[in-house]
1. Quick check: anything in region A:230-237 within 30 Å of A:Ala300 (Cβ to Cβ), more than 34 Å from the chain's Cα centre (by Cα) and exposed (fewer than 12 other Cβ atoms within 10 Å of the Cβ)?
2. Can you tell me how many residues in region A:334-347 are in contact (Cβ under 8 Å) with a residue 40 or more places away in the chain and crowded, with 18+ Cβ neighbours inside 10 Å?
3. Out of all the residues in region A:241-250, which are within 8 Å of chain B (Cβ to nearest Cβ) and either open to solvent by less than 30 Å² (accessible area, probe 1.4 Å) or outside any helix (DSSP H, G or I) (or both)?
4. Would you confirm, using the coordinates I've provided, whether B:Ala15 is open to solvent by less than 10 Å² (accessible area, probe 1.4 Å), at pLDDT below 90 and more than 20 Å from the chain's Cα centre (by Cα)?
5. Tell me, please, whether a residue that is surrounded by 15 or more Cβ atoms within 10 Å (Cβ to Cβ) and touching an Asp or Glu at 6+ places or on another chain (Cβ under 6 Å) can be found in region B:205-215.
6. Anything in region A:384-401 that is among the hydrophobic types (A, V, I, L, M, F, W, C) and either at pLDDT below 85 or open to solvent by 30 Å² or more (accessible area, probe 1.4 Å) (or both)? List them, or say none.
7. With respect to the numbered conditions (1) touching a Ser or Thr at 6+ places or on another chain (Cβ under 9 Å); (2) surrounded by fewer than 12 Cβ atoms within 10 Å (Cβ to Cβ), which one is the sole condition not fulfilled by A:Ser329?
8. Condition first: touching a Pro at 6+ places or on another chain (Cβ under 9 Å) and open to solvent by 30 Å² or more (accessible area, probe 1.4 Å). Now tell me which residues in region B:58-74 satisfy that.
Amino acid sequence: MVAWWRRLSLRSRLTLLAVGGLAAGLAVGGAVLVAALGVTLQRSVDSEATQTGRDVARLVAEGALPEPVPVTGEQQVQVVDGQGRVLAASLNADRLVPVLHDAELAAVRGGGKRFVAGDRIGVTGPVRVVAVPAGAGGTGPPTVLVAKPMTDLQHSVQVARNILVVAFPLLIGVLAVVTWRLVGATLRPVESLRAGAAEITAAPSGRPARLPVPASHDEIQRLAVTLNDMLERLETARARQRAFVADAAHELRSPLANLRTELEVAQRLGDRTDWPEVARDLLADTQRLGRLIDDLLLLARADAPHPRVGAVEPVELGGLLRAVAEQYSGAAVPVSVAADQPAWVEGEPDGLRRVVANLVDNAVRHARTGVVLAVRPDRTELLVTVTDDGPGIPAADRERVFERFTRLDDARARDAGGAGLGLAIARDLVRRHGGSVRLADAGPGVRAEVRLPSTNVT
Amino acid sequence: MRLLVVEDEERLAAALQRGLQGEGFAVDVALTGPAGLDLARHGSYDAVILDVMLPGLSGYRVVRALRAESNWVPVLMLSAKDGEYDQADGLDVGADDYLTKPFSYVVLLARLRALLRRGAPRRPAVLTAGDLSLDPARRRVTRAGVEIVLTSREFALLEYLMRRPGEVVSKIELLDHVWDAAVDTAPNVVEVYVGYLRRKVGRERLETVRGAGYRLVAEPA
């Protein structure tokens, strides 16, 4: 039963529910209506008969009862004495036999109502008999019996019931059609959403995929808008991923092309080749390729949902800066450190060293006379700065340089510049340490500012 | 034969220089776009090997600048970009060949030889005749800067005539080159289309040479 119900479409289910509810309501309502009609009619018959009975009883009491007893309609009246003899009767009533038998008569002497079979007075269907006690008489107080056939009343109730039995199914049918249509109209946007979504999965990528948004301002329209937002975010992510892969492939191909051409040329020149020089060049390109692959792997890991953080330990930044500066002792410009007090952070020593090294790489490339590394506390954070005195970077480009493969090297040959991943990696690493990194103007040149949460280890 | 290599990868440029010199070419190297353009303009080279991603000025812009100055030196583009549209763009701006990095040095040499065989005839990417210009890559025709909308048949007809400016082209030749070989195309279909074309590009640009054919004139008398 449940399985069958679940197989139905939402539209059928809603229609069935509505029609079922309506049918039950109408059935109960109809039954109540028919019952109430019966009771009401019965009451009015009773009160009419009682009224007639009282009128006749008054005439009896006054001794002014005409013979035959005058009545209206189908009512039959008998005045019966204590022994069950008919004293008077209406023209249409039996003059000899009371409509009630002796036992029944005894039960209603003081007044009462009961049904008897119609054949006693020669009609079909039940007959209502109302007894009203009349005033004094010869032998015991006489009783007025008013009999009324119930055929009319039954007929009325029957007609009402027949009307309902025909009208209600018609009504239910009409409402079923209306409900089916209405639910269909309500669910149409859902169907068009579904069709739109099916088209998206089937469509070749590249075309901007959007669901149709209904013109209404209801839940379904909000759903469509929300889904479209989601699609847009997914598309942006996918486009970014594609661009990253294309850029990565491009960057990997360049050193590979160098290697291949160097080797092919060397092979073709044969004896005229200066092999030590070729080896030197090949090594340089191999190292570049290796660095690039390391960087790409690092970024790929950073993109994982939960980038793995290496062993975290307290790190003293002043010492770390001095260690990095030492590695650059052979650089084109001197790299100096200004750090007087110990500055501790919690972090991966390798990661933090990489951040500083990448920033220094960049600074050394542009500096005219020197690069200065410094660290100082700034409120609850530690501020690490790498300052060069080069030509500087326009304010508009200072965010863009942190994007992957961004190079602002319009006037710089490739070998001098990296692949444009250094700053992107630095930012990823700093973020993983709960910090931030940005570039600021340093008069002449650029100041890279890294902020890291400080731990007060002294 | 004198070659120019414009490549910002110093080691690749050096290797190419060594190799090509070993093949007997005279080779100059430029490491940036502007330097390459400058050399190509003023030196007389038989071919240019041009990287796309160059500092200062991209390879596309170098080629376009050269062609705009009516410098028809054969250009072989090198790029690590292997997208279909990257290659198509390179060729459409006026390059003669395109190789994707990493490339085979042997193939590079073969292609260079092929380029040198062809020499440096006038082969503009955009055809012009007077104030009329036709860009086959973008399928655009303009006259004095105003775009003219042509059907594809009209476009093909005009392109064929513009490739032979000043020459008389016979109806039969036009029928052979612009219409499909098949079907029952009557020669007078050419007359009909020349009529359409005259209405769009100007009656005086397409002269009828009685008994011989049609001629496109650059500057109407």
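1. no
2. Filtering region A:334-347 for residues in contact (Cβ under 8 Å) with a residue 40 or more places away in the chain gives A:342-347.
From the residues that got through so far, the ones that are crowded, with 18+ Cβ neighbours inside 10 Å too are A:343, A:345, A:347.
Qualifying residue count, region A:334-347: 3.
3. Residue satisfying the conditions is A:His250 alone.
4. no
5. Checking region B:205-215: at least one residue is surrounded by 15 or more Cβ atoms within 10 Å (Cβ to Cβ) and touching an Asp or Glu at 6+ places or on another chain (Cβ under 6 Å).
6. Start the filter on region A:384-401 by keeping residues that are among the hydrophobic types (A, V, I, L, M, F, W, C), which leaves A:384, A:386, A:393, A:395-396, A:401.
Scanning region A:384-401 gives A:Ile393, A:Ala395, A:Ala396, A:Val401.
7. (1)
8. B:Ser70, B:Trp72
The values are calculated or read from the model by the stated rules, or taken from the named source; none is laboratory data. Model, not experiment: these values are computed from the prediction. Cβ sites come from the backbone with ideal geometry, for glycine too, and all protein chains shown count toward neighbours. Surface areas here come from the heavy atoms of the whole protein model, side chains and all, with no ligands, DNA or RNA. Shrake-Rupley method; radii C 1.70, N 1.55, O 1.52, S 1.80 Å.
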